[in-house]
Amino acid sequence: MRNGATTRSSFPGQLAVFVLASAIGIPALAQQAQPAGTPQSTPPSAAQQPSPEATPSALNTPKEGFWGRINPMARKKWVSRQVDPLKDRLNELDEVNAKNARDIQDVDGRAKAGILKAQTAADAANQVATAAGAQAQLAGSTAQGAASHVDQLNGTVTGLDQYHQIGEVEVAFHGGQPILSKDARGQLDDLAASVTGHQGYILEMEAHSPAAGSAGIQSSERLAESIKRYLVTEHQIPVYRLHSVALGNVPLTDQAAGTGDQDTKPARIRTSSVHIRLMENSLAAQGSAPPHGDVSSNGAERP
């Protein structure tokens, strides 16, 4: 009896629990069946008809679980599912941008290196061209100087044996003896003074004697030697500047005698004498003053 009473007393409690669970479960099932964007108060006929303002994105909105937007965990998962593809795409774009930046930096570095190398090569070429131009200019100047020097040498060689007379002296001897008189020494002193310290001159001497044959030649040779001895010992005139010839009694032409008439007969030698000519080479005398002036036959200096 007690067991049956207990069973009868617990049955109403179980029925109450079942009814309460059904009351709670039916609204939940209705909430799951209807779309997320449709209000619960909408009539069934209105809920079944799509709204004219609904968009495909709203219709395709995925379900968010039992709790919908109210569940924060479900919201984070949904956001994670939506954001992860974007993060992957952004990562890819970052990698592409980084690669492009590295490529641009590499190209820029190579371009700068190429420009620097080209500029260095251009500077080196410019320096080489400048040096070559300077060498060419120097070579041209050297060639021009060499040509001028060759011309000068040619002129010097051509004019080495070109002498012209700038003075003359006639030294007389008495009795054919090779003794210099006072007047003869004075003439030679004046002649030596006019050439002292100068270059490019020679003294030509023609010695004459009235004696015939070899006697006249020997006599005239002694006269020339006496004059050369006096000039060398008394005035230190170099021997190589003194040139003499013994002519004996060979008659003088009018040109040698100073008359200038070539048609007359040569003059006969009557006295012993030495005819001295002062000859100058203008090329050899360059750099030094010429002799002071012409010397006349009597020893006087000509202006």
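The values are calculated or read from the model by the stated rules, or taken from the named source; none is laboratory data. Since the model is a prediction, treat every value here as computed from it, not as a measurement. Note that each Cβ is placed from the backbone with ideal geometry, even for glycine, and that neighbours are counted across all protein chains shown.
Just a few scattered comments:
- Qualifying residue in region 114-135 (condition: among the aliphatic types (A, V, I, L, M), part of a helix (DSSP H, G or I) and over 25 Å from the mean Cα position of the chain (by Cα)): no
- Any hit, region 96-109, residues being under 32 Å from the mean Cα position of the chain (by Cα) and over 28 Å from LEU191 (Cα atoms): yes
- Counting only residues that are among the β-branched types (Val, Ile, Thr) and buried (at least 18 other Cβ atoms within 10 Å of the Cβ), region 218-239 holds 2 of them.
- Enumeration of residues in region 154-170 that are at pLDDT 70 or above and not small (Gly, Ala, Ser): ASN154, GLN162, TYR163, HIS164, GLN165, ILE166, GLU168, VAL169, GLU170
- Which listed residue is out of contact with any helix residue (DSSP H, G or I) (no Cβ under 6 Å at 6 or more places or on another chain), of a type in the set (A, V, I, L, M) and closer than 20 Å to MET279 by Cα, from ALA224, ALA246: ALA224
Every residue, every condition in (1) closer than 30 Å to PRO210 by Cα; (2) modelled with pLDDT under 90; (3) surrounded by 10 or more Cβ atoms within 10 Å (Cβ to Cβ); (4) in contact with a Pro (Cβ under 7 Å, 6 or more places away or on another chain), yes or no:
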{"position": "LYS63", "(1), (2), (3), (4)": "no, yes, yes, no"}
{"position": "TRP67", "(1), (2), (3), (4)": "no, yes, yes, no"}
{"position": "PRO72", "(1), (2), (3), (4)": "no, yes, no, no"}
{"position": "LYS77", "(1), (2), (3), (4)": "no, yes, yes, no"}
{"position": "ASP103", "(1), (2), (3), (4)": "no, no, yes, no"}
{"position": "ALA134", "(1), (2), (3), (4)": "no, no, yes, no"}
{"position": "LEU138", "(1), (2), (3), (4)": "no, no, yes, no"}
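- Test: VAL107 is among the β-branched types (Val, Ile, Thr) and modelled with pLDDT of 85 or more: yes
- Taken as a whole, the structure leaves GLN165 outside the set of residues that are part of a loop (DSSP other than H, G, I, E, B), more than 14 Å from VAL274 (Cα to Cα), touching a residue at least 40 places away in the same chain (Cβ under 8 Å) and not hydroxyl-bearing (Ser, Thr, Tyr).
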